Amino acid sequence: MSHPETAPAHTGGGRVVVGVDGSPDSIAALRAGEWAAAAQGGTLVAVTSWGVPMIVPRAPVVIPDLGRAARQLLRTALDEAFEGRCLVPIDTVVRMGRPATVLVEESRDADLLIVGSRGHGGFVGLMMGSVSLACAMHAPCPVLVMHGGDTVPQGSASRVVVGVGGSPETVSVLRAAADAADRMDARLDAVAAWSDAAMYGDAWLEDSIDLEKAAQEVLDDAIATAFPEGRPPRLHSSLRRGSPAQVLVDASATADLVVVGRAGRREFAGVLLGSVAMPVAAHAKSPVLVVPVPRAAEQEHAGADLAEATA
């Protein structure tokens, strides 16, 4: 069993965990982590993992070197991200293990996990795209996926886009997006996708006018359920024709943040399940916040899925 090397924990506030491998994306993730931790009066937890190649003839000699290299990588990344001027307390964690597994474990009591969409290869960091997507799929807390050029802008000109599907889980995604928009002082755009490609044989679904009307009803009902005390004043809603993933990727070109749900049900009005959240996280032109909304059956199989994804 691997043992973490962790700086003394700070008390108060929540934990914002950031995966670090020294890549530009992970530097962007660290800076976003500073902002997120400052917004809630919490602590930034910078995590680096390292592993041993399958064939290591001199493992007792190599392993200490890999651990030292990982610690140095983390120090260098922190220096590059903050230049000694981080606004929040920082804890550091250096652990041996698969990156996705380590980050998911570290995020179990976190408020937010932040990862880069791409990173360096090799056996010190390994924050590759497959790792960030595995984290987005399996972490128990919301996951913010950053790209190298991403920032977290604030102010009235900022725009948060949230995908709205037809499942009950959409309500929690809408609320998470509204909270993010409030923290960013941003406009919130709720977007539902619809398509006239018939998914069912029911006659009442064959007319595209009926499909568009049904999608609008799903969108309106989701907003009304999410905000029973009244629609947020800076919330706007719209329908867009196309597949949910493509609609949200297109919307990200002019957004400062896209919020998606990680799970849901496949319904004609546009669904936000893993098959939608993952391509959005991978291809969006803005940071993407993936909100976990697992159903009972998904929770039961989460451990097996993570093991398979990180094998």
Checklist entry - With Cβ to Cβ distances under 14 Å as the rule, what net charge do the other residues near ALA77 carry (K, R +1; D, E -1)? => result -3
Checklist outcome for this item: Note, LEU235: beta-carbon cut-off 10 Å, +1 each Lys/Arg, -1 each Asp/Glu, net +2
Checklist entry - Which FRET efficiency, nearest 0.05, do ASP179 and ASP65 yield, Cβ-Cβ r, R0 35 Å? => result 0.20
Item to check | Pair LEU87, GLU217: separation of 7 Å Cα→Cβ label points (nm) | outcome: 4.6
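Since every read-out is calculated from the coordinates, none of them should be taken as a lab result. Here the structure is a predicted model, which is why all the values come from computation and not from measurement. When we count neighbours, we look across all protein chains shown, and the Cβ atoms used for this are built from the backbone with ideal geometry, even at glycine.
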